[in-house]
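Just so it is clear, none of the values below were taken in a lab; they were calculated from the coordinates. Since the structure is predicted, the reported quantities are computational estimates derived from the model, not experimental observations. All Cβ positions, even for glycine, are placed from backbone atoms using ideal geometry, and neighbour counts span all protein chains on display.
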Amino acid sequence: MAVWDDVVGQERVTQELAAAARDADALVSAGQAPDAAGEPEPGEPGGASRMTHAWLFTGPPGSGRSTAARAFAAALQCISPDRALGGAPGCGFCDGCHTTLVGTHADVEIVRTDLLSIGVKETRDLVRRASLSPAGGRWQVIVLEDADRLTEGAGNVLLKAVEEPAPRTVWLLCAPSIEDVLPTIRSRCRHLSLRMPPVDAVADVLVRRDSIDPAAAATAARATQGHIGRARRLATDERARARRAAVLKLPLRIDDIGGCLKAAQELIDAAGEDAKQVAEEVDTKETEELRAALGAAAGTGGRLPRGTAGVMKELQDRQKRRATRTQRDSLDLALVDLTGFYRDVLTLQLGAPVPLANDEVRDSLDRVARASTPVRTLRRIEAIIACREALDRNVAPLLAVEAMTAALRAG
Ligand SMILES: [Zn+2]
C-alpha cells in the first residue's frame, strides 16, 4: 500500500506531491538542498523546483490536509530499495514510511494542538527542532497541523525560520484556508488546495481501510458530506450516532419559547459532557505523570517539592484551555449537523435532484419542508451560521445558542 492511498479524492495534489518526493529523493542522492521556497517561476523547467522547503496545505475540515501532509512526509523519508530502481518514493512499507505514518520517525515532528492557539514559546521550540540536521540523513520534516492557530507573535517567529531554512528542513503547514496564514508566511510556501472528497470515495475508503460494512459506510459518508474523520467516527462510535440523532430532532422541538430554551440548554450540556469525558480520559493521567516527574511522594496526596507549583499551575491552565476547545468543537459539530438538516429541507423544497445527507430522518425533513418556504429555510441556515460566528467571537455559548433556536423558531 503506497502512502498516497490514504489521501482520498485528491488526484492533482497527490501527483504534485509524488513528483516533489521524486525530486527530493534525487536531491538526497546528489547531496544537494532544494531551491528557495515559493511557487515555481512561470516557464521554469520542472527539475529541482518541484521540491521546496515550505508547503501550505489548505482545504475545508475533513478534506484530509493533515493526511496529505503526513503522506508527503513519509514519502520524503521513504528508503525502500524499489525506489532506487526507479519506483516512486512512498512505498508505505519500509521503515521510513512506516515510522513516519505512526508518528515515531526521529526526523518527523507532527505538531497537533488541542489548544485554541499556538504561542511564541512553543514555536521557538519548534524552530530550534527544525534547525537540526536529520538524523537519518534525509529530511527534517515539521508538520504543523494547525498553522491557523499561530498567534501573530508565533507567526513572526515561524516566518524567520521559513525565510532562512536549514538545507534539509521541510515545513508542512496545514490550515483551513490560505487567508488563515500570515501573508508573509504563505508567500514563502508552495500552496496546495484540497477539495472535499466525493462521498463515494469516502465510503470506499471506510470499507477498504476500516473494514466497515458497505451500507454503514455509505450512510456515514453521506451524512457527513465527505468528512472522512467524522464519517469513520459515525460508523464506529455509538455515542456519536446518538448525539447526531438528538441534534436532528431539534428542528421539531422548537415550537414554543420553552422548547427553544430547553433545546439550547441541551446542546450546551452535551458539549460540556464531551469536554468532561476528554478531561477524565486525559487530565488525571497527565497530572499524575507530571507529579511523578516533579518527584512528588507516591499517591495523589504526596507533597510536591518547593518551587514546582508554577509548573503544576501551567498544566492546569493548559487543561482548562483544552476543555474550552473540546466544548467548542463539539458544539460546532452539532451546528454543522443542524445546517445539514436545513440544507436537506431546502433541497426538498426546491425539488433539487441531489441526494439527501440525512435520509434517515426523511419524515422530519418532509414535515419541516411542508410547513415553511425556501426563504424561511435560508433564514434558518443564516441563523446557524450567525451562531457559529458568534461563538468564534467568544460570545457566551448559551446566549448564542438561545438566540439561534429563537431565530430557527421564527424562521
Ligand atoms: Zn517507503
In whole Å, what is the distance between the alpha-carbon centres of the stretch 2-23 and the stretch 184-263? 24
Would you mind checking the pairs Lys249/Lys320; Lys160/Lys320; Lys121/Lys313; Lys121/Lys276; Lys160/Lys313 and listing those with alpha carbons more than 23 angstrom apart? Lys249/Lys320; Lys160/Lys320; Lys121/Lys276; Lys160/Lys313
Run the simple label-point estimate for Ala242 and Ala386 please: 7 Å along Cα→C-beta, distance reported in nm. 3.4
Most fluctuating residue of Ala130, Ala245, Ala352 in a GNM of the chain with Cα springs under 10 Å: which is it? Ala352
Note, the stretch 236-247: 3J(HN,Hα) by Karplus (6.51, -1.76, 1.60, θ = phi - 60°), whole Hz, Gly/Pro = x, goes 10, 10, 4, 5, 5, 5, 5, 4, 5, 4, 5, 4
Give the long-range amide H neighbours of Glu109: residues separated by 5 or more places, or on another chain, with amide H under 5 Å away, using H modelled in the peptide plane at 1.01 Å from N. Val141, Ile142, Val143
Under 12 Å Cα to Cα from Lys262, which aspartates and glutamates show up? Leave out anything in the same chain fewer than 8 places away. Glu402
Taking square-rooted eigenvalues a ≥ b ≥ c of the alpha carbon gyration tensor, is the stretch 172-296 rounded, prolate or oblate, where a/c under 1.5 means rounded and, failing that, a/b exceeding b/c means prolate? rounded
Roughly how many nanometres apart are two label points built 7 Å out from the Cα toward the Cβ at Glu11 and Arg195? 1.0
Given backbone amide H placed at 1.01 Å from N, residues whose amide H is under 5 Å from that of Thr169, ignoring those fewer than 5 places away on the same chain, are Gln140
By how many nm would the segment from Asp366 to Ala135 grow when fully extended, if each residue of separation counts as 0.36 nm and the alpha-carbon distance is taken off? 77.1 nm
The chain - mean residue ellipticity at 222 nm from DSSP helices (-39,500 (n - 2.57) per run, n ≥ 4, rounded to 500): -19000 deg cm²/dmol
From the alpha carbon gyration tensor of the chain, can you work out the equivalent ellipsoid semi-axes (sqrt of 5 times each eigenvalue) and give them in Å, largest to smallest? 40, 29, 20
